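What follows is a short report on a single structure.
Only the coordinates and a few stated rules stand behind these numbers; no lab work does. The structure displayed is predicted, hence computed values, not measured ones. A quick note on method: Cβ atoms are made from the backbone with ideal geometry, for glycine too, and the neighbour counts reach across all protein chains shown.
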Amino acid sequence: MKKKNRNVAIIGSGMSKFSSHREEVNQPELIHEAVVEALEDAHLTMDDVDCVLHGNMELFEMVHQPDMWHVLGTGAWGKPGVRLTTGGTTGATLACAADNLVASGLHDVVLAIGFEKLEEGHATGGITNMADPLWGRSLQTGALTGTAAQKLIEQFGEERAKNAAIKMRIIMDEHAMRNEKAHRRLRLDRKYMKQIATQTPPLVGELRMIHMCSQSDGACAVIFASEDKVAQLGANPAWVVDHETVHREETLIFNSGKSTHRVAAERLYARNGITDPIHQIDVFEMYDPSAWWGVDWLGDFLLCESDEHVKMVENDQIAIEGEFPLNPSGGVQASNPIGATALVRVAEAAMQVVARRANTRCRVM
Amino acid sequence: MAKHRGAGGRVAICAVAQTKFERDKWQVRFQGMLWEVVEKVLRQTGLQFGAGGIEAAVTVSDDVFDARTISDGAITDVVGAHHQSEEKVAADGAQGVYYAAATILSNHHDIVLLAGHCKESQSASRNQITHLAFDPFYTRPVGLDYVAAAALQAQAYMARTGVTEAQLADVVVRSRKWARENPVAQETAAVTREQALAAPMLAAPIRQSFMYPVSDGAIAMILASEERAAELTDRPVWITGLGNCYDSFFLGERDLAGNFSLERAAKKAYEMAGVTHPTDAFEVVEIADQYAHQQPQYAEGLALCPARQGAKWLADGGPEKQHVNRSGGMLAGNPLILGGMARVAEAVIQLRGEAGSRQVPGAKRALAHGATGPAGQLQTVVVLEN
């Protein structure tokens, strides 16, 4: 593994309350909530921040170059900054970028802000606009697809696959019940698993309303600092060890071999000496836009070759009390302010590392 | 002050390619436009995509201009990012240079492809797009767009400094003169001062001739660490200074005639590059003059002349003496989001001695500038040396 120019740590984070309608705040005000909480968490003021990163999707709120208006909430006035946007991955891209910008030596303390206020636009319309206008748009159903369900059913049989998906959905809701910031806290009861699985409205194929993530308003802010700054501030750091980004070419969707998740995980594990991810990783915050994707992608991220990931759902291994806690925050199925969502994963993971350091060495993805 | 990459840690630009900038590249989609320049930088460097070659791409584009959400998804194949990294900077391309350099200074990557595209011709109206940059409560209802914002900036600047409409016309005349020497420039037809002054008024005092034209085009660059640059070119151009800064959003909260954010961006870049006397530090200066009045205004912000002395700077032939915008500048035509990236591209071409009839002989150090947002809210400054 290449040595970083200098080490980088997360020293604080903040989130707005996530909800379907944050009508009482405008966009900069929503961002401001997260920024203030992150600064308080890190015991800093804006004077300590020397770069502000911003990310979301323009066509969701139909605001062009929104970092301009959002300066009112981001605190970037008089400061350097960069705006990055890569779709659902935006928040993670912001974390990678903050890592790069601090490691580069250009900046000592970087504030990364992911944002979305989906109630002000039309998320499914916006996502449909991703597709090529000539080749794919007429087939697009936004983020709602039944392909992951189809794949799992083919792999594991209808009953087992459906049970795994709804079990994961309920576990995620149990986790969300412990997270006051989460958008959907439904108090789903395992007793009614069968009814929940069959009585919620179908969307596409075997994807039902209950499986799908929410459409949320929310912002997340995470503060990254150099090793020197961490020492100087006496901060409680979660070190950023490495990052990896993998894309897929859009028109070869049906013929691209390994999933991007698996390729990214393989590279990250190889560089960082992870040979047994299930036992070497203590907690995993995953971008799981639906319960079906959640089950399927868990298998890819953990490099499962058979049905290990399905078993992990079936035997409650992914519950907070289990051996491999997945999304203690409730994950994306509970809250999905898209441009913030992946950064929330990073923030939640950092909080877990810092909180658990006293007890055990902890490695988080 | 932050520390920079350890022993010998520098970033080089090893290759640059630009399409010809045109009013409407109706015959090609943005993917095809971008492939034209990516293919050229691959040929220039002999690089291939993948481990040991181009490991990552930083792209520059805008979803609203592209009319596609996550529009970088449409060019993953073009920039070789299938099962590789691609990160999109959604701002002026000089910001892309800033971020791409950081990914190398951090030691995360050694070789990065920077690729930007925009087809302004796709939109019925650029003003409709930039209108959407204003908040829906206070500034959108009064009809602001980037032209209106720039007009307020121009009025404030001209009132403070005494720069005249005739002087702005001369900026345009000079832009066209140099654009004729630049094979990729769009607006090359000669104009007289009188013709420039007779152009239709868009938003007083900005006339059509004083504003950058609707433009389609793409730019690609290869950035590399010092360790790898020698493999790729015998004429690397080093990025020695980087700075950027945001101003406030509401125009009424800003000193519109001043250069709050540009002065801070320039200060950072000059400190990093060790530039102490900017007036004579650069053989080549490229300013993103989206509007004619911004050439003298931003020259002040870049400390190429004293503050409030833009009129005198123009009258004394400052732009010619300091070799400002021999590319023709933005007034000769670049898409808004590629304005600063095209300035960096021209700086690289000049420092490689490849600028033909517009070459500044013996150019050693260049200054390139980019601006994003209404009336230059976000300013980016890049210092380059050969």
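Odds and ends about this structure:
- Averaged over A:53-63, number of beta-carbon atoms from partner chains that fall within 10 Å: 4
- Gyration tensor verdict on the range B:24-84 (Cα atoms; rounded if a/c is under 1.5, prolate if a/b is larger than b/c, oblate otherwise): oblate
- Rounded to the nearest 20 debye, the dipole magnitude of the range A:45-161 is 280 debye, with +1 charges on Lys and Arg beta carbons, -1 on Asp and Glu beta carbons, and the Cα centre as origin.
- Length released on extending from B:Val142 to B:Ala198, taking residue separation times 0.36 nm less the Cα-Cα span: 17.4 nm
- Legend: mean number of C-beta atoms from other chains within 10 angstrom of residue C-beta atoms, peptide A:263-270, equals 1.
- Across the range B:153-197, Cα-Cα distances exceeding 16 Å account for 45% of all pairs.
- Within the listed set A:Ala95, A:Ala164, A:Ala219, the Gaussian network model of chain A (springs between alpha-carbon atoms below 10 Å) gives the highest mean-square fluctuation for A:Ala164.
- Spherically averaged projected area in nm², based on the convex hull that wraps the Cα atoms of chain B: 17.7
- If you wrap the range A:70-212 in the convex hull of its Cα atoms and look at it from every side, the mean projected area works out to 12.7 nm².
- Pairs of alpha carbons in the range B:175-233 separated by more than 13 Å make up 72% of all such pairs.
- Cα gyration tensor shape of the range A:161-246, rounded if a/c is under 1.5, else prolate or oblate by comparing a/b with b/c: prolate
- Global geometry of the protein assembly as shown, whether rounded, prolate or oblate, following the gyration tensor of its Cα atoms and the 1.5 cut on a/c: prolate
- Each 5 Å bin, from zero up to the one with the longest distance, holds this percent of the alpha carbon pairs of the range B:250-386: 2, 11, 22, 25, 22, 13, 4, 1, 0.
- Antiparallel bridge percentage (DSSP; both residues within the protein assembly as shown; nearest 5): 70
- Once backbone amide H atoms are built at 1.01 Å from N, B:Val11 has B:Ile239 as its partners under 5 Å, excluding neighbours fewer than 5 places away on the same chain.
- Put simply, when B:363-374, B:337-348 are sorted by average Cβ atoms within 10 angstrom per residue, most first, you get B:337-348, B:363-374.
- Degrees between helix A:90-103 axis and first principal axis of chain A (Cα, 0 to 90, nearest 10): 30
- Backbone HN-Hα couplings from phi across the range A:106-121 [Karplus 6.51/-1.76/1.60, Hz, Gly and Pro as x]: 5, 9, 8, 10, 10, 9, 9, 10, x, 8, 7, 10, 5, 4, 8, x
- Only Cα pairs under 8 Å and 6+ residues apart enter the sum, and on that basis the relative contact order of chain B stands at 25 percent.
- Cα lying deepest toward the dipole's positive end in the protein assembly as shown, options B:Tyr270, A:Phe115, A:Asn56, charges on Cβ: B:Tyr270
- Spatially, the range A:256-283 and the range B:62-130 are offset by 27 Å when compared through their Cα centroids.
- The H on the amide N of B:Glu22, modeled in the peptide plane, is under 5 Å from the matching H of B:Asp216, each at least 5 residues off or on a different chain.
- Shielding value for B:92-105 is 4, the average number of Cβ atoms from other chains within 10 Å of each residue's Cβ.
- Fraction of the pair-distance distribution of the range A:51-128 above 19 Å, Cα-Cα pairs, percent: 36
- Highest-first arrangement of B:303-315, A:12-24, where packing means the average Cβ count within 10 Å: A:12-24, B:303-315
- In order through the range B:170-176: 3J(HN,Hα) via Karplus (6.51 cos²θ - 1.76 cosθ + 1.60), integer Hz, x for Gly, Pro: 5, 4, 5, 4, 5, 4, 5
- Stretch gain in nm, segment A:Asp228-A:Asp48, where the contour uses 0.36 nm per residue and the Cα spacing is subtracted: 63.4 nm
- Against chain A, whose longest principal axis is taken from its Cα atoms, helix A:291-301 shows a tilt of about 70°.
- Phi-based couplings in Hz for the range A:178-183 (Karplus 6.51, -1.76, 1.60; Gly and Pro marked x): 8, 10, 5, 7, 4, 6
- Each peptide among A:296-307, A:32-43 gets the average number of other Cβ atoms lying within 10 Å of its residues, and from highest to lowest they stand as A:32-43, A:296-307.
- Relative contact order (%) - the range B:270-386, alpha-carbon pairs under 8 angstrom, separation at least six: 30
- Angle between chain B longest axis and helix B:339-351 axis [Cα atoms, degrees, rounded to 10]: 60
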